[in-house]
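Here's the structure we're looking at; comments come further down.
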Amino acid sequence: MLVSCSICSDLFVSASEVFTTTCGHLFHYVCLVEWLERSKTCPQCRYKTTEKTIHRVYFNVQTNDEPDDPNALRNHIENLKFKIHLKDTDIKNAREENNTLKGRNVKLRDEYKSIESKCSSLEMSLSALKEQMRFMKQQCSEAEEARTETRRLRAHLETLTNVETIVKGTVSEVEEVLNNGSDCPKTLATYVSVLKRELQAVSDKRRRLREELRVAQSERIHLRNELAGHATALKRLEEDLDHSEAEKRSLRKKVTELEQAILSPTASGQSALRRLVAESPAPPRLTDPRDDQNADTPRVLPKAKTLDDSPYLNIKSSSVGLTPLRPTQNSNLRAPARPGGYSIFKKARLTTASSNVATEARPDLAFDGMGGRSKLDEFPVPRLAMKTKNKPRPAGLVNAAKLKKASGQMLKIRSYFDAS
């Protein structure tokens, strides 16, 4: 006989806990307790039953070790079938759940992709916002620094304005600035420092101006003295010029008289010539142009010396080119040749050795190209002085040059007398 539980439909085994109700029905303890928790009646006949009225039932089961016990095999088969059914149910549920999870997985993948794209866009937006926030922070810091710098510059500008007012303003403006800034000792110290520096600068400037004034006054006195000296020198030069003009006129008059005396060689003319020569101031020595071997070679003139014993003008004269009007030595001047001594119509005579020696001793004789000799014609050659730059010369040098020119004219007259 097979006895089973009407709640779970399982057969009772020897190891099962079987309980009975007051009405006599048998159930598994676990199944009956679960039933009584929901309803206090018998699951079979609905008789009132509680946990206190149920009792356990013990079966005396005979041990049968035969493997082919039909009841055990049947019970085992049913258990296996039930387990297979449970496994099939689990597999079915697992498949359904797997299909559900696959669909959910696809949805989750799509959602993940969308969320990932959103995350990437959000990350990009976040990085852009971070960069913008960093830029805004930098702008804020720069703006704060600019505000601080602006406040500092405004304070500095106000201080500089007050300093300018103190330096260039009136007394009332300075007092107003000092009264307004009396609360800040640092500002007052700045004002005092600026005033002290300006005072020092003004003192230095005044000292410098005084020094410049002293130098200017001394320079003015010096220039006045120079002006007075130049005026005196100008006056003296004008007097010298007048004296030179008078002397020039006198010399011209004497030259005219001398020319007239030369043009009319009479006894009265000779006496007038001697008188003019005696009255004319003669230099110590006059150089003859024939004494120079090379008249074209310039020579260095000796330094002129000043004649301080003149009561009218300091005349600078030189010992070159001025000689007294007196007869020169006969060393270079020869008598004119005889008229018939050098005739081209006469044959040259044969001379002896003594005559040849005498001829060679006279350097003024030369061959004339016709077989004879003739005397060289010597003409006065003017002296060539070294060329110098045109520089303004003092009046004394000008007068000396004029005297030198007049002496040259006298030299020409003297040469004319010697030639005649």
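Taking the options E211, E226, name whichever one is of a type in the set (D, E), part of a helix (DSSP H, G or I) and over 42 Å from the mean Cα position of the chain (by Cα).
Matching residue, one of E211, E226: E226.
For the structure I just gave you, tell me whether R151 is within 30 Å of V192 (Cβ to Cβ), assigned to a helix (DSSP H, G or I) and not assigned by TED's automatic domain parsing to the domain that holds V202.
Spelling it out, R151 is indeed within 30 Å of V192 (Cβ to Cβ), assigned to a helix (DSSP H, G or I) and not assigned by TED's automatic domain parsing to the domain that holds V202.
The values are calculated or read from the model by the stated rules, or taken from the named source; none is laboratory data. Everything numeric here is computed off the predicted structure, so don't read it as measured data. A quick note on method: Cβ atoms are made from the backbone with ideal geometry, for glycine too, and the neighbour counts reach across all protein chains shown.
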